[in-house]
Amino acid sequence: MGDASAVIAVRGLTKEFRHWGRRLRALAGVDIEVGRGEVFGLLGANGAGKTTLVKVLLGLTRPTGGDVQIRGTNPRRPDARRRIGYLPEGHRFPGYLTGEASLRLFGRLAGVAETTLDGRIPELLERVGLGARGRDRVGRYSKGMTQRLGLACALLDEPEILFLDEPTDGVDPVGRRQIRDILLATRAQGATIFINSHLLSEVERTCDRVAILHRGHLVRQGSVEDLTAPRQRFRLRLADGEGLPPGAFGGDGVFVVGDNGHAEVEAPDLDSLNALIDRLRADRRRIAEISQVRTALEDVFIEVVEGQPSPASVAEQGPRTPDHAIGGVR
């Protein structure tokens, strides 16, 4: 099924739920392949089917149709779950446990040897910025600290595949930078990382490729670079805040935004852009800057999602199964 080297391979995946006699489709013919050492981002609004897809990939729920393989194996087989880390959204820890005790508990559940945990736990606490708080009770942790602890749990078994559902939720900008660095370092060690996130700026900085899921349908997929490639839009700034001459954007260019000498124009081709520049120079306007505008991933996401129909057969949000499993999945 596709590339034999794919670590995660999904073909024609469908998932349906029955609710009050109605058949609700959470996933509709999804195709995804993720290669070894790749950071893959799954984007979608609430109810798009992202968490359902991850649970199918983890073998926590059965698909209705299609083929799913993790390292060439059905994810519901126990051996397929070897060295897989999972950080679910909205995870919880017993408040009476310390950070260190929480890591040891989940390490034991994942089958990590005690001697390994003795060295691994302090290393991970330091790595996620909790080195000085490891002996504090989790009940005293902020949401961001709890998120960091969850990431440490997911990394306990040095996973080959790491599934992260909203990994930077509730984390401050400094913490997001630290988590980003951790993920990139984990990828550099050969791990494959699959991320669900609403924070598109972080996805844009972290992921190699992304897919946009809308009401169970995969509507766009590709590298971040390809999806945000520059278009025929240019940012133009005149020197010393000079005003823009009347009619400068008629005919060959389309005026988009202009303020204090700044403008964004859409030109159908380079000849039209150069004609616009010639008119500005003929009017003795000094051009201080001109650069092609790269579309932000957020703009691409909104454009794609708002342009898609809303199939009545797709569930807004399928029934949820408890998100209690953190760390290694076995």
Unmet criterion (only one of (1) among the aliphatic types (A, V, I, L, M); (2) surrounded by fewer than 22 Cβ atoms within 10 Å (Cβ to Cβ); (3) under 21 Å from residue 168 (Cβ atoms)) for residue 156:
(2)
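Just to check your reading of the model, which residue among 175, 144, 107, 119 is of a type in the set (Gly, Ala, Ser), part of a helix (DSSP H, G or I) and buried (at least 22 other Cβ atoms within 10 Å of the Cβ)? Let's see the steps before the verdict.
On the way: 175 fails: buried (at least 22 other Cβ atoms within 10 Å of the Cβ); 144 fails: buried (at least 22 other Cβ atoms within 10 Å of the Cβ); 119 fails: buried (at least 22 other Cβ atoms within 10 Å of the Cβ).
Going through 175, 144, 107, 119 in turn, the sole match is 107.
Table: residues versus (1) of a type in the set (S, T, N, Q); (2) crowded, with 19+ Cβ neighbours inside 10 Å.
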| position | (1), (2) |
| --- | --- |
| 31 | no, no |
| 39 | no, yes |
| 43 | no, yes |
| 74 | yes, no |
| 89 | no, no |
If we ask which residues in region 207-226 are more than 22 Å from residue 10 (Cα to Cα) and crowded, with 23+ Cβ neighbours inside 10 Å, their number turns out to be 0
Take region 1-54 and flag every residue that is of a type in the set (Lys, Arg), over 15 Å from residue 71 (Cβ atoms) and touching a strand residue (DSSP E or B) at 6+ places or on another chain (Cβ under 9 Å).
11, 15, 18, 23, 25, 50
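Would you kindly identify the strands (runs of 3 or more DSSP E) lying entirely within region 228-291 that contain at least 2 residues that are modelled with pLDDT under 70 and hydrophobic (A, V, I, L, M, F, W, C)?
Details: elements: 233-238, 254-259, 262-266.
So the answer is 254-259.
Here are some residues: 150, 59, 129, 85. Which one is under 18 Å from residue 164 (Cβ atoms) and either modelled with pLDDT under 90 or assigned to a strand (DSSP E or B) (or both)?
85
The values are calculated or read from the model by the stated rules, or taken from the named source; none is laboratory data. Bear in mind the structure is a predicted one, so any value in this text is a computation, not a measurement. Because the Cβ atoms are built from the backbone with ideal geometry, glycine has one as well, and the counts that use them run over all protein chains shown.
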